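Inspection log for the structure reproduced underneath, given as structure tokens.
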Amino acid sequence: MFTGLVEAIGTIESVSDADAGREFRVRSPWPDLQDGESIAINGACLTVRSSRADSFVVAAVVTTLDRTTIGSWSTGTRVNLERAMKVGDRFGGHMVQGHVDGVGTVRSVARQESALLLDIDVPPEVARLLVPHGSLTVDGVSLTVNRVPAPGVVQVSIIEWTERHTTLGALVAGDRVHLEADVIGKYVQALLAPYQAP
């Protein structure tokens with residue numbers, strides 16, 4: 001489990017094909033990563049296969065590549081990093097599983113005083129779980145839904161700190177992003193489904 005509070009920005013150092021899938025070496029600030037540890041990279045939970053003082057290796061299988069933007073990562077790509085929670089950690093964001101529910105496309109980026117407003121086109125499986133002031137994870141960052149300006153579109157507001165400490169401040173129209181809807185909403189939807197009219 002994660003909380004959507006990005007701890008560091010990593011950089012893809014190399015990409016290669018292997019029996020485990022496509023492997024990525026990621027530069028990170030953590031010298032104490034353990035093999036088998038879970039880490040969220042742009043919101044996708046991946047497993048550390050090996051590590052050294054300044055970097056670690058993860059692999060993505062074909063199903064993960066099909067459902068995310070990971071297949072487009074190349075040397076130099078900057079990514080948001082978050083290590084899994086420890087029992088007793090402060091819970092600063094919201095409950096994030098590291099499961100990408102869909103890929104969205106940035107529709108527009110606009111500056112409004114100190115905030116950066118992102119309008120994102122979202123797939124139906126994510127759109128039906130969005131509520132104003134609810135939670136949404138975008139590329140691993142816990143955000144609050146600012147508005148739902150149109151069907152299939154969500155607006156989030158990026159504060160100055162988040163803009164500087166994550167990759168979201170560099171997004172432009174047309175960029176694709178990982179989306180994870182609020183897990184509570186997903187469970188409520190599944191529980192209500194049998195009672196809803198066809």
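Observations, loosely collected:
- Here the dipole of segment 56-160 is about 140 debye; that uses its Cα centre as origin and unit charges on the Cβ of Lys and Arg (positive) and Asp and Glu (negative).
- In terms of the mean number of neighbouring beta-carbon atoms within 10 Å, the peptides 12-18, 100-106 order highest first as 100-106, 12-18.
- Residue-wise HN-Hα coupling along segment 121-129, computed from phi with Karplus coefficients 6.51, -1.76, 1.60 (Hz; x: Gly, Pro): 6, 10, x, x, 5, 8, 4, 6, 9
- Read-out Rg/Rh (Cα atoms, Kirkwood Rh), derived from the coordinates shown; its label in [x] 0.97; [y] 0.92; [z] 1.00: [x]
- When peptides 184-194, 113-123 are sorted by average Cβ neighbour count within 10 Å, with the highest value leading, the order is 113-123, 184-194.
- For segment 41-136, the set of chymotrypsin sites (Phe, Trp or Tyr not before Pro) satisfying both a DSSP loop assignment and a count of at most 11 other C-beta atoms within 10 Å is given as Phe91.
- About the Cα centre, charge dipole magnitude for segment 8-83 (Lys/Arg +1, Asp/Glu -1 at Cβ), debye: 180
- Within the shell of other residues whose beta carbon sits under 15 angstrom from the beta carbon of Thr75, the net charge comes to +1, with Lys and Arg scored +1 and Asp and Glu -1.
- Residue-by-residue Karplus 3J(HN,Hα) for segment 157-165, coefficients 6.51, -1.76, 1.60, Hz, glycine and proline x: 10, 9, 6, 4, 4, 5, 4, 7, 9
Throughout, read-outs are computed from the coordinates displayed, never taken from laboratory work. Please read all numbers here as calculations on a predicted model, not as lab measurements. Note that each Cβ is placed from the backbone with ideal geometry, even for glycine, and that neighbours are counted across all protein chains shown.
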